[in-house]
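Engineer: The structure's right below; bear with me while I get my questions together.
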Amino acid sequence: MLAACGGTAGGGPSDFTTSGGQPGTGSVTGSGNSPGASGGSSIAGSGTSFAGSTSSFAGASSNNGGSGSAGGGANGVSGGASMAGATSSGGASGASCTGLTPWAPGTTATDVSHNGEHYTCKVEGWCSSTAAAAAYEPGVGFAWMDAWTDDGPCGSGGNGGASSGGATGSAGSTGSAGSGAAGAPSTGCVLDSLLGENNFDSWFPMRNGFYTYANLCKAIAKYPAFATTGDSTAQKREVAGFFANVARETGMLVYIDEISKPASAGNYWGRGPLQITWNYNYQACGAAIGADLLDTPTLVSTDGVITWETGLWFWMTNDGGTGTTPHQAIVAGNFGGTIRAINGGIECNGPNDAANERIQHYQTFCQALGVDPGSMLTCW
């Protein structure tokens, strides 16, 4: 749903289907003429503190395996004596599920319980969907955050009594050498040192097999400035920012083609990781990457390298009429600027679920990469 492409159209529940012979086609949010009603939600978790004693661990420490081979860790240092445990209180009271309707496909209840959590419906048609129940199952389906808000665990956690710590323990013995897990082999891709294929797979566990790490790496060869500009903070933020927007556009890399295809777009509906839309974008992108996308737009949803090239083309070169490309914005530490370039006409007029979902994905990916997301997150 690119800003230069005229906005978004969120598909309704019945749109979660595949089209044609391409498996898993369709997208959660394509580029249309009117804004879609999908978005993210914050996950309200209630923490519980644990009583007990703190102790040091004797034994081995091991390093992670090196590139492509199992790495053995060094001998572990001797563990220190354990400390007496401090007094702790019990968990905070959680939201009660008494009287809530247990979630089931097709439910019309707006407040439900499911797997020990309390959920409140945001979009009635999606919450009650039967055809797309798997997609919107609270806390489980890949698009559940579009439909529900997680209000926290059911039940109440009482106040725990004071717990006395254990006696001081003996020092642990020196551990033997640890056996480190084998590291992922290097593929020569610029993303290997920042992300890696294993992390890519874990970020998108439900992804369509059409979207592969290997093809992404091939596509990056056309845009060598991607994830290599600036210091390591800027590079990690670019990886997190790119995939945060991709996650929003494709439902976590599940969908390839736009679900609700606007008639005005003709054959040039949203396709690929950033849902390139409209004939002029297909023509300009095709000229840049050396493919005739104007005459054969289906290449974006059938060629695994070209599909990533279209997303990178927009990210690196298209400013959506804002004067700043997503690449330029994120390198400057401005994630909100990436939203403005991609879909600013729809999502930058004030707080909204769609933009908040992008921000939530960005913060999650930054945390996974061990980088501060910065303070410029919104675009309003």
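The values are calculated or read from the model by the stated rules, or taken from the named source; none is laboratory data. Everything numeric in this text was worked out from a predicted model, so none of it was measured. As a convention, Cβ positions derive from the backbone with ideal geometry for all residues, glycine included, and neighbour counts pool all protein chains shown.
Engineer: Collect the residues in region 98-131 that are among the aliphatic types (A, V, I, L, M) and touching a strand residue (DSSP E or B) at 6+ places or on another chain (Cβ under 7 Å), keeping them in residue-number order.
Structural biologist: Leu100, Ala109, Val112
Engineer: Further question: Among the residues of region 365-380, write down those that are in a loop (DSSP other than H, G, I, E, B) and out of contact with any Lys or Arg (no Cβ under 8 Å at 6 or more places or on another chain).
Structural biologist: Scanning region 365-380 gives Asp372, Ser375, Leu377, Thr378, Trp380.
Engineer: On the basis of being buried (at least 18 other Cβ atoms within 10 Å of the Cβ) and at pLDDT below 85, does Asp150 make the cut?
Structural biologist: Spelling it out, it is not the case that Asp150 is buried (at least 18 other Cβ atoms within 10 Å of the Cβ) and at pLDDT below 85.
Engineer: A further question follows. Just give me the residues in region 364-380 being touching a Pro at 6+ places or on another chain (Cβ under 8 Å) and surrounded by 15 or more Cβ atoms within 10 Å (Cβ to Cβ), in sequence order.
Structural biologist: Cys366, Thr378
For (1) at pLDDT 95 or above; (2) among the polar types (S, T, N, Q), each residue gets a yes or a no:
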position: Gly165; (1), (2): no, no
position: Gly183; (1), (2): no, no
position: Gly188; (1), (2): no, no
position: Leu194; (1), (2): yes, no
position: Ser232; (1), (2): yes, yes
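Engineer: What number of residues within region 305-343 are acidic (Asp, Glu) and under 21 Å from the mean Cα position of the chain (by Cα)?
Structural biologist: Qualifying residue count, region 305-343: 1.
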